[in-house]
Amino acid sequence: MFAFFLTSGLFLGWSLGANDAANVFGTAVGSRMISFKRAALYCGIFVILGAVVSGAGAAKTLGELGAVNAIAGAFVVALAAGVTVYWLTTLGYPVSTTQAIVGAIIGWDLFAGALIDFVTLEKVVLSWFISPVLAALLSALLYKLIAYGMKHMKINMFSLDALTRTGLLLAGIAGAYALGANNISNVVGIFIPISPFSDISFFGIFTLNGAQQLFFIGGVAIALGTFTYGKKVMLTVGEGISEMSPVAALVAVLANALVLFLFASQDLEQFLLSHGLPAFPLVPVSSSQAIVGSVIGIGLVKGGRGIRWRVLGEIIGAWVVTPIAAIFLSFIALFFLQNVFQQKTYVPVEYRVTAAAEQRIRAAGISVTGLADIRGKTYPSAYQFQKALDQPMTLTAREKSLVMSAAEIDQLVVAIQVANRINDPAITDEQKNAVQKLWGKHFMHRWELEKALAEQSQEWRMKPNNKKQNEELRRKLDYVYRLIRSAGQ
Amino acid sequence: MGDGILKRKIGIEKEVDEFLDRVSEAGLLCKQGMDIYLKGDMEVYATYLKSIRDTEHKGDDLRRSLEKDLYEKTLIPESRGDVMELLEDMDALLDRYTGLIWQFEIERPDICVEFHEDFKELLSHSVESVEADVRSCRAFFKDINSVADHIHKVSFWEKESDKVSTRLQRAIFGRKDLHLSHKIHLRFFVKQVDRIADEAEDVADRLNIYVIKRML
């Protein structure tokens with residue numbers, strides 16, 4: 001069954017490879033500086049390396065699909081996102097795979113009665129505007145600077161060709177590595193808790209853990225996608241929107257990388273803030289949209305005559321269609337799987353303001369007087385609980401989210417095998433021991449489990465003013481929670 | 001990886017320079033060959049004939065090698081077609097020098113002493129226009145912004161050669177003592193020399209377009 005469920009993740013990976021490789025190698029292939037075969041080869045190798053080496057350390061190992069609480073549901077969500085991206089890839093449009101996944105999850109949210117993540121949805125819509133505009137500005141600036149430099153440096157045509165080609169290759173390789181590292185969790189992350197793989201040691205030199213083996217398979221799927229179907233989207237990016245000179249091709253990928261680095265890198269933000277420097281605001285940017293913006297920016301600097309506005313209009317249309325199509329596909333597919341094939345596509349999540357939950361809400365400084373009517377009542381879905389909550393109380397978004405998480409019923413029982421099944425190398429022995437000590441314990445709410453872990457070990461406690469470490473801890477807690485839940489199912 | 005590519009490119013840059021050197025060298029040999037021919041020393045002339053033929057062969061080999069590299073290694077994709085045409089155009093000018101020297105050897109035109117200086121001046125202007133082409137080409141590869149500084153000189157020398165050509169033809173046909181066949185034979189050689197400057201100007205016109213294309 002694991003292998004069957006994994007196929008949809010791999011299909012999503014294949015679609016991702018076919019579409020998103022254009023973000024890193026599209027302009028190089030479109031400007032004919034690097035042949036498609038060569039680009040696909042380098043892209044494939046470095047996507048796999050990025051997935052296996054850096055994928056496991058990514059902040060969101062479970063990926064976006066982690067929000068889906070039943071494996072059959074995750075199967076459908078990944079499939080819906082994959083089909084959406086595949087469809088738009090056949091038409092040659094560069095679209096964001098992450099946005100397709102977000103759409104497919106909203107389809108699942110609607111089907112399961114879960115809350116729709118409007119914050120993420122808003123980020124998706126914002127990124128349609130922010131990514132291309134920022135990238136266009138940066139690429140225009142960069143292009144002007146490089147053109148000025150070239151005018152004064154008098155580089156021989158062949159040397160310039162060599163430098164540009166090397167630059168395109170290195171930028172492509174770095175982009176492919178990042179593509180693998182950042183997206184692999186979306187492709188196979190959800191399957192880690194149910195993965196049957198155990199560690200494999202290679203002559204004692206290095207060991208591939210279960211997650212890395214899964215990431216390797218996912219990386220291969222992405223690489224295959226690039227090889228078998230990546231050319232069309234690459235050519236749309238590299239020559240469909242506007243004909244590109246090799247230097248313009250390099251500027252476009254550099255501007256794309258720069259936008260992601262400056263406006264989406266938490267590491268950079270942390271670094272700048274820790275050195276008392278002003279940080280760039282973190283905004284939702286997507287590589288698929290940024291690369292299109294970069295190409296347009298250069299086209300505009302050159303006077304705008306070379307830009308094929310019709311193609312650009314179609315691409316923007318495809319961006320809007322991506323999440324919408326994924327929502328519909330996901331919803332319809334879930335309906336069929338649940339009602340025709342009798343598969344459990346979601347685990348109903350109930351909500352009840354228990355005594356413990358009320359105590360937690362009160363401790364957070366939220367008045368509980370409005371909760372009198374709903375106290376002790378069980379609500380079958382987040383949607384219904386929220387509706388009930390809206391009537392007696394006026395809460396801010398943050399307060400509402402706190403009340404919701406406090407009242408979420410989980411019924412977790414820590415099974416004996418859980419501690420042994422932890423194969424995330426980032427989780428320390430002390431943290432594993434803390435999980436072990438909770439064997440046999442029952443928790444009504446997820447936060448109770450987290451509280452118990454924090455009581456067992458210092459290493460399970462959030463640290464004040466340490467955003468990065470706390471994010472990593474949240475990821476680990478998420479991992480352990482899912483392990484406990486999947487062991488209990 | 002990067003080093004390998006750079007080394008290969010430096011090799012190609014050298015080849016382009018060497019090829020253009022051959023074009024310049026052929027112009028000088030042509031000028032010297034004409035001087036020797038006008039002096040009537042056909043034995044020495046034969047050595048120039050050999051030298052210019054060798055230069056042409058070297059030029060041909062370099063052009064072929066460059067074209068092979070450009071296509072096989074898929075270099076400068078956006079300018080490859082233009083560079084190929086440019087190399088072929090310059091090679092055609094080199095061939096024209098060789099052809100002229102051979103034509104003198106085969107047809108042995110009887111050039112009256114009073115026309116010697118004009119013939120020398122005409123060839124000198126034609127060679128100058130090709131030289132301006134060579135400098136424009138070098139600039140096209142190394143410093144595109146300075147191509148214009150050289151390209152206008154091609155037109156200048158072409159006009160100068162036109163003036164000398166017209167003057168020379170008038171002088172030839174003004175001579176009463178020469179047979180018409182002799183006059184026509186001489187005119188043929190004047191035209192042959194003048195054509196070098198005309199073709200150099202055509203090359204410069206095309207180069208101008210290549211520059212505009214690269215600037216876009």
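Read-outs throughout are calculated quantities, based only on the coordinates presented, and are distinct from any laboratory measurement. Treat the numbers as computed from the prediction; the structure is a model and nothing was measured. Positions of Cβ are backbone-derived with ideal geometry, glycine not excepted, and every protein chain shown enters the neighbour counts.
Note on A:MET404 and B:LYS14: their simple-model spin labels are 6.9 nm apart, each label 7 Å out from Cα toward Cβ. Each Lys and Arg adds +1 at its Cβ and each Asp and Glu adds -1 at its Cβ; summed about the Cα centre, segment A:252-368 shows a dipole of about 300 debye. Using the rule -39500 (n - 2.57) for each DSSP H run of four or more residues, divided by the residues of chain B, the 222 nm mean residue ellipticity is -32000 deg cm²/dmol. Where both residues lie in chain A, what percent of DSSP beta bridges are antiparallel, nearest 5? Percent antiparallel among DSSP bridges in chain A is about 90.
By its C-alpha gyration tensor, with a ≥ b ≥ c as the square roots of the eigenvalues, how is segment A:412-488 shaped: rounded for a/c under 1.5, else prolate for a/b larger than b/c, else oblate? Prolate shape, in that a/c is at least 1.5 and a/b is the bigger ratio. Placing +1 on the Cβ of each Lys and Arg and -1 on the Cβ of each Asp and Glu in segment A:351-407, which of A:THR378, A:GLY365, A:ALA388 has its Cα farthest towards the positive end of the resulting dipole? Toward the positive end, the furthest listed residue is A:THR378.
Once both labels are positioned 7 Å from their Cα atoms along Cα-to-Cβ, the gap between A:SER35 and A:LYS387 label points is 6.2 nm. Once the Cβ-Cβ distance of A:GLU314 and B:ASP177 is raised to the sixth power relative to R0 = 60 Å, the FRET efficiency obtained is 0.15.
Across peptide A:164-170, the average count of Cβ atoms from other chains found within 10 Å of a residue's Cβ is 3.
When each of the peptides A:360-371, A:24-35 is scored by how many other beta carbons lie within 10 Å of its residues on average, the order from highest to lowest is A:24-35, A:360-371. Screening chain A for whole DSSP H helices with an alpha carbon extent of at least 20 angstrom along the helix axis and a mean Kyte-Doolittle hydropathy of at least -0.5 yields A:2-30, A:71-90, A:97-112, A:118-153, A:157-188, A:210-229, A:246-264, A:287-301, A:309-339. With a threshold of 20 Å on the Cα-Cα distance, the over-threshold entries among B:LYS14/B:LYS213; B:LYS163/B:LYS191; B:LYS159/B:LYS213 are B:LYS14/B:LYS213; B:LYS159/B:LYS213. Only DSSP H runs of four or more residues enter the estimate; each adds -39500 (n - 2.57), and after division by the residues of chain A the mean residue ellipticity at 222 nm equals -22000 deg cm²/dmol. Neighbour counts of other Cβ atoms within 10 Å put A:CYS43, B:CYS137, B:CYS112 in the fewest-to-most order B:CYS112, B:CYS137, A:CYS43.
Computed from the C-beta positions of B:SER155 and A:LEU137 and an R0 of 41 Å, the FRET efficiency is 0.45 to the nearest 0.05. Taken along its principal axes, the alpha carbon cloud of chain B reaches lengths of 71, 36, 21 Å, longest axis first.
Using a simple spin-label model with pseudo-atoms 7 Å out from Cα toward Cβ, A:LEU268 and B:MET42 lie 7.8 nm apart. Each 10 Å bin, from zero up to the one with the longest distance, holds this percent of the alpha carbon pairs of segment A:389-452: 19, 37, 25, 14, 5. Calculated over segment B:1-123, the projected area of the Cα convex hull averaged across directions stands at 8.6 nm².
Legend: ranking of residues A:GLU430, B:GLU43 from fewest to most surrounding C-beta atoms inside 10 Å; resulting order B:GLU43, A:GLU430.
Kindly list the residues of segment A:440-454 that lie in the label zone of A:ALA363, defined by a backbone N under 18 Å from the point 7 Å along the Cα-to-C-beta vector. Answer for segment A:440-454: A:442-454.
If R0 is taken as 51 Å, the Cβ-Cβ distance between B:GLU67 and A:ASP199 corresponds to a FRET efficiency of 0.35. Think of each Lys and Arg Cβ as +1 and each Asp and Glu Cβ as -1; about the Cα centre, that makes the dipole of chain B roughly 200 debye. Only Lys, Arg, Asp and Glu carry charge here, each on its Cβ (+1 for the first two, -1 for the last two); on that basis the protein assembly as shown has a dipole of about 2520 debye about its Cα centre. Scoring B:30-39, A:242-251 by mean Cβ neighbours within 10 Å over their residues and listing the highest first yields A:242-251, B:30-39.
Go through B:PHE104, B:SER124, B:SER161 and say which Cα lies farthest out towards the positive end of the charge dipole of segment B:2-215; charges sit on Cβ, +1 for Lys and Arg, -1 for Asp and Glu. Final value for the positive-end residue is B:SER161. Here chain A is described by how far its Cα atoms reach on the three principal axes: 76, 58, 56 Å, from widest to narrowest.
Is the C-alpha gyration tensor of segment A:351-407 telling us rounded, prolate or oblate? Criteria: a/c under 1.5 is rounded; beyond that, a/b larger than b/c is prolate, otherwise oblate. Because its axes are fairly even, with a/c under 1.5, segment A:351-407 counts as rounded.
The residue list A:TYR481, A:GLN417, A:GLN458 was ranked by how far each Cα lies along the charge dipole of segment A:412-488 toward its positive end, using unit charges on Cβ atoms, and A:TYR481 comes out on top. Partners of A:LYS463 within straight-line reach, counting lysines whose Cα lies under 21 Å from its Cα and excluding those fewer than 8 residues away in the same chain: A:LYS60, A:LYS432, A:LYS451, A:LYS476.
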